[in-house]
1. Tell me, what ³J(HN,Hα) does each residue in the stretch 48-54 have, in order and in whole Hz, if you take phi through Karplus 6.51 cos²θ - 1.76 cosθ + 1.60 with θ = phi - 60° and put x for Gly and Pro?
2. Work out, step by step, the length gained on full extension between Asn155 and Leu36: first 0.36 nm times the residue separation, then minus their alpha carbon distance; give nm to one decimal.
3. With N residues in the stretch 1-99, what two-decimal value do you get for its Cα radius of gyration over 2.2 N^0.38 Å?
4. At a Förster radius of 41 Å, what calculated FRET efficiency corresponds to the Cβ-Cβ distance of Leu14 and Thr51, to the nearest 0.05?
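Derivation of every value follows stated rules applied to the coordinates shown; laboratory data play no part. Quantities reported herein were computed from a predicted structural model and do not represent experimental measurements. Neighbour counts are summed over all protein chains in view; Cβ atoms, including those assigned to glycine, are modelled from backbone coordinates with ideal geometry.
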Amino acid sequence: MDAFIKRARNKDALKSALFELDGSWCKIYERACTLLKEKEALTESLNHQNTEYERLKQDYDSLFTELQVLRASNKETTIKNRYLTNMIREYLYAAVANEILIEEGSLTQVDTKVTPIAMEELVDADIPMPFSTSVKNDRHSLSREELLLKRMADNIGGSNET
């Protein structure tokens, strides 16, 4: 304050110093207003981005849950398909399939015929092994595959757990 008074010894000098001071404070005020508007715009943008992040995170969580269900279903279907494929290979020969199709009228020309003796031998006392027994090795192999995939995912970028 003393420096200001020493600088403005007369009325004109005081007036000039006050205008100069007023100009400085006006620039400071205008800059503060600009910064406040920028802050409000950035805050609004941040709020929007946080809302979008939360929405995307919920989408991700629901899709990840759905993916887990689909993987489990896919695993189960793969095991069943392996079981059925093995049963078809073991118990249903091509000639027998042709015979069934001929009886149904779906197949008219065949390369092989099934003899009645072969048909009787097909229907024997042996029944297919239970489903759980036949897929035991498949379950072990799929579990090993899942373990390897999880290790790869962990090494690449961390697990998918949220």
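1. Calculated HN-Hα couplings, in order: 5, 5, 5, 5, 5, 4, 4 Hz.
2. 38.3 nm
3. Relative to the rule-of-thumb radius for its length, the stretch 1-99 sits at 3.13.
4. Plugging the Cβ-Cβ distance into 1/(1 + (r/R0)^6) gives 0.15.
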